[in-house]
Amino acid sequence: MPFAFYSEVEQAMQQIVQDAFYPQPFFQSLLSGSWSRRFLEYFTVQYAHYSAHFPRVLGAAISAMEPNDSWWIPLADNLWDEAGRGRQGHAHSQLYRTFALSVMSPSEFEHRLVQWPRSLAVSTAIDHFITFFHHATSLQAMAAVGLGSEFFAGDIMGLIGQGLRHPQYQRFGPLNPQFWELHADSDEPRHYHLCRNVLLTLASDRHNLQCMFTSGQDIALSEANMYRQLYCEGEAQHLLD
């Protein structure tokens with residue numbers, strides 16, 4: 001589809017999110033309180049694998065950048081956030097652990113990480129993201145991170161946080177959704193704003209707008225497929241019963 005303005009690219013990306021994410025059984029069952037304890041544990045472990053590899057994704061995106069500070073610094077800022085901006089105990093891996101340990105005990109979590117190594121769903125999403133950057137231009141890489149992930153990540157993580165507050169899941173113990181809500185409320189919107197500012201500098205060219213959309217669509221659909229496959233993996237392993 002032809003684009004004349006950056007806002008039209010954002011609208012098209014929002015429609016992709018509406019169509020590819022929200023109607024999925026993964027999200028619908030989460031919001032209805034239908035997840036079993038076993039599937040909640042499975043998702044917790046698999047997202048731990050995904051989150052642990054996300055700094056690699058940002059590093060790959062930075063490697064695709066031309067040596068222009070205004071382009072690579074926003075991604076480096078995102079990567080620095082992953083490291084907790086240098087504050088001990090604030091790395092996102094540690095913040096995620098506060099959620100994981102509200103789902104299961106430390107020993108159970110460590111056991112599950114071994115029992116459920118990185119699944120095909122997560123491996124495919126991470127590998128696709130990183131491979132994309134091997135041949136990406138700076139524009140494609142920035143659009144992949146900005147429009148293909150950060151643009152809607154706050155909404156998706158907020159939706160997961162909302163779902164986890166369902167009374168049905170509190171029967172398993174009081175869950176701590178801070179990881180999800182912090183990303184939804186502040187981190188992801190700020191990261192997207194930084195990427196957006198860069199993308200807008202090239203938004204007067206219709207070819208660039210199409211390139212931005214194509215790159216964002218590619219990565220967004222890959223991430224949507226990860227959630228779809230995670231749910232299918234849960235069904236195949238009878239974790240949803």
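Per-structure values
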| item | result |
| --- | --- |
| Contour minus Cα-Cα distance for Asn197 and Gln178 (0.36 nm per residue) | 4.1 nm |
| Extension reserve of the Gln94-Glu235 stretch, reckoned as 0.36 nm per residue once the Cα distance is removed | 47.8 nm |
| Karplus-derived 3J(HN,Hα), 6.51/-1.76/1.60, for each residue of the stretch 50-59, Hz, glycine and proline x | 4, 4, 5, 8, 5, x, 4, 4, 5, x |
| Cα gyration tensor, the stretch 1-87 - rounded (a/c under 1.5), prolate or oblate | oblate |
| Near-label residues of the stretch 6-43 by backbone N, under 15 Å of a point 7 Å along Cα→Cβ of Arg165 | 31-33 |
| Summed side-chain charge close to Gly158 - residues other than Gly158 whose Cβ falls under 10 Å, Lys, Arg +1, Asp, Glu -1 | -4 |
| Integer Hz, Karplus 6.51/-1.76/1.60 couplings in order for the stretch 230-241, x for Gly and Pro | 4, 5, 5, 4, x, 5, 4, 9, 6, 8, 8, 6 |
| Rounded tilt (10° steps) of 6-20 against the dominant C-alpha axis of the chain | 30 degrees |
| Separation between Cα centres of the stretch 68-118 and the stretch 219-238, rounded to whole Å | 21 Å |
| Qualifying GluC sites (Glu not before Pro) for the stretch 59-151 [loop in DSSP, other Cβ within 10 Å: at most 12] | none |
| Relative contact order (%) - criterion: Cα under 8 Å, at least six apart; region: the stretch 105-241 | 39 percent |
| Environment charge of Arg38, counting only residues whose C-beta is closer than 13 Å and scoring Lys/Arg +1, Asp/Glu -1 | -3 |
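Rule-based calculations on the coordinates, nothing more; no lab input. Note that the structure is a prediction, hence the values are computed from the model and not measured. Positions of Cβ are backbone-derived with ideal geometry, glycine not excepted, and every protein chain shown enters the neighbour counts.
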